[in-house]
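Chemist: For reference, the structure I am asking about is given below.
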Amino acid sequence: MAMRNRVFNIIACSLGALLPAFAQNTADTIEAHLVAARTAAGFDFTGTLARLCVAPPLMLGGIRDVAPGPPPARDTWFIEPAKVFDNLYFVGSKIHSSWALTTSQGIILIDTLFTYNSEEEIVGGLKKLGLDPAIVKYVIITHAHGDHVGGAKLMQDRFGSRIVMGGPDWDSIEKSVHGYPEGKPRRDIVADDGQKITLGNATVTIVTTPGHTPGTLSMIFTVMDNGRPLTTAYSGGTAFNFPSTVANFDTYIKSQSKMAAAAAAAHATILMSNHTEFDNAVPKIKMLAARKPGEPHPFELGERAVVRYFAVTSECAEAQRLKLLGQTK
Ligand SMILES: [Zn+2]
């Protein structure tokens, strides 16, 4: 029976005996990959499992360059901002995340929602939290889809923030004819693998993870929980809404292995995503409000769980890849 164990080999090398449950081969059948994904998801990543494994649509055409639709009703997306760590603030929506990492020299913003809600959630949210949007020095965009890049032009034009993005995604913005009716952000910093975005006392390390888009960026950074440093692995692209080809799934799977290894090497105990359905940001923020002294931070999952997240994304992708190949053995 064919075996595919690329992810687990890398994870096993990185974590040694820490992950015996995952240092095993998975039979290369759709069913075996789905079972492996379900096991890896546990109760932590049911949203990711549902989106990627239960009913992921195959995308058999190319990417369409279309204008964004009309904004949905405000009550479908609006949520209040929140302080989540000593140095990390949520200024996202119910569905999408935007995070402000505060440093001794200003703010690094990660992702910018849609054009229609970035003004209220990000600019308004920072102000509500007592933070000045004018000190956002860097904006890191995980990928150039409208739900993450929508506020980049606003931050660039109004506050002079430097915009960091993967090269292929800058290219896609420049090539787009219909996607940016309100204007495009101007090409600024092109992120490289391993690049460190440093501002004052904070550093964000970029991990390029092509797959969701060719230029998708993931990252590693440190947050402080009542003065205690914790390492965060931030996954920059998740769903399979790229053209469904075996080569694209291979690229995606390789990136999940790469990010799992980077997270393990950094001893990340927090997993964040840019969609709240994948990292449960909204319920976790609610839990945080009820946290009592001495209780663990709801975002702190532990090293094993962080690595399990990337086993979910990878195993679901393996199952989809096999469906594409028509191997239903
Ligand atoms: Zn996307």
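The values are calculated or read from the model by the stated rules, or taken from the named source; none is laboratory data. Remember, predicted model here, so these are calculated numbers, not experimental data. Counting neighbours? That spans all protein chains shown, and the Cβs are built from the backbone with ideal geometry, glycine included.
Chemist: Could you check how many residues of the stretch 94-120 are under 24 Å from ASP225 (Cβ atoms) and either buried (at least 22 other Cβ atoms within 10 Å of the Cβ) or within 16 Å of the ligand (Cβ to nearest atom) (or both)?
Modeler: 12
Chemist: Just wondering, is there one or more residues in the stretch 272-279 that are β-branched (Val, Ile, Thr) and over 14 Å from the mean Cα position of the chain (by Cα)?
Modeler: No.
Chemist: Just to be sure I understand the filter: pairs with C-beta atoms under 6 Å, separated by 6 or more residues or on different chains, first member in the stretch 127-154 and within 16 Å of LEU199 (Cα to Cα) and in contact (Cβ under 8 Å) with a residue 12 or more places away in the chain, second member within 15 Å of the ligand (Cβ to nearest atom) and not in a helix (DSSP H, G or I). Which pairs pass?
Modeler: Listed pairs, sorted by first residue: ILE140/ILE110.
Chemist: Something else now. Take the conditions more than 30 Å from CYS316 (Cα to Cα), surrounded by 23 or more Cβ atoms within 10 Å (Cβ to Cβ) and within 16 Å of the ligand (Cβ to nearest atom) and apply them to GLY125. Does it pass?
Modeler: For GLY125, the condition - more than 30 Å from CYS316 (Cα to Cα), surrounded by 23 or more Cβ atoms within 10 Å (Cβ to Cβ) and within 16 Å of the ligand (Cβ to nearest atom) - is not met.
Chemist: Here's something else I'd like to know. Can we say SER314 is touching a Pro at 6+ places or on another chain (Cβ under 7 Å) and closer than 22 Å to GLY194 by Cα? Can you show your working first?
Modeler: Details: touching a Pro at 6+ places or on another chain (Cβ under 7 Å): no; closer than 22 Å to GLY194 by Cα: yes.
Answer is no for this residue.
Chemist: If you don't mind, another one. Can you pull out the residues in the stretch 58-85 that are among the charged types (D, E, K, R) and more than 30 Å from THR222 (Cβ to Cβ)?
Modeler: The answer is ARG64, ASP65, ARG74, ASP75.
Chemist: While we're on this one: Restricting to the stretch 192-218, name every residue that is away from the ligand (no atom under 16 Å from the Cβ) and of a type in the set (Gly, Ala, Ser).
Modeler: Quick first cut of the stretch 192-218, residues away from the ligand (no atom under 16 Å from the Cβ) only: 192-207.
Correct list: GLY194, GLY200, ALA202.
Chemist: Pull out all pairs, ordered by first then second residue, where Cβ-Cβ is under 6 Å, the residues are six or more apart or on different chains, the first lies in the stretch 190-201 and is farther than 15 Å from GLY236 by Cα and in contact (Cβ under 8 Å) with a residue 24 or more places away in the chain, and the second is part of a loop (DSSP other than H, G, I, E, B) and of a type outside the set (Asp, Glu).
Modeler: Going by the 6 Å Cβ cut-off, the qualifying pairs are LEU199/GLN105; GLY200/SER104; GLY200/GLN105; ASN201/SER104.
Chemist: Which members of the stretch 128-151 meet the condition of being within 20 Å of GLU182 (Cβ to Cβ), surrounded by fewer than 22 Cβ atoms within 10 Å (Cβ to Cβ) and away from the ligand (no atom under 16 Å from the Cβ)?
Modeler: The one that is within 20 Å of GLU182 (Cβ to Cβ), surrounded by fewer than 22 Cβ atoms within 10 Å (Cβ to Cβ) and away from the ligand (no atom under 16 Å from the Cβ): PRO133.
Chemist: Something else now. Being part of a strand (DSSP E or B), in contact with a helix residue (DSSP H, G or I) (Cβ under 9 Å, 6 or more places away or on another chain) and surrounded by fewer than 24 Cβ atoms within 10 Å (Cβ to Cβ) is the filter here; which residues of the stretch 199-210 pass it? Working first, answer last.
Modeler: So the first thing to find is which residues in the stretch 199-210 are part of a strand (DSSP E or B), and the list is 199, 202-208.
Remaining after also requiring in contact with a helix residue (DSSP H, G or I) (Cβ under 9 Å, 6 or more places away or on another chain): 205, 207-208.
Residues satisfying the conditions are THR205, THR208.
Chemist: Let me spell it out: the conditions are (1) closer than 30 Å to PRO243 by Cβ; (2) more than 16 Å from the ligand (Cβ to nearest atom); (3) crowded, with 16+ Cβ neighbours inside 10 Å, and PRO181 meets all of them except one. Which number is the exception?
Modeler: Unmet for PRO181, out of (1) closer than 30 Å to PRO243 by Cβ; (2) more than 16 Å from the ligand (Cβ to nearest atom); (3) crowded, with 16+ Cβ neighbours inside 10 Å: (3).
Chemist: Please give the helices (runs of 4 or more DSSP H) falling wholly within the stretch 1-75 in which 2 or more residues are at pLDDT 95 or above, surrounded by 14 or more Cβ atoms within 10 Å (Cβ to Cβ) and aliphatic (A, V, I, L, M).
Modeler: Hits in the stretch 1-75: 30-41.
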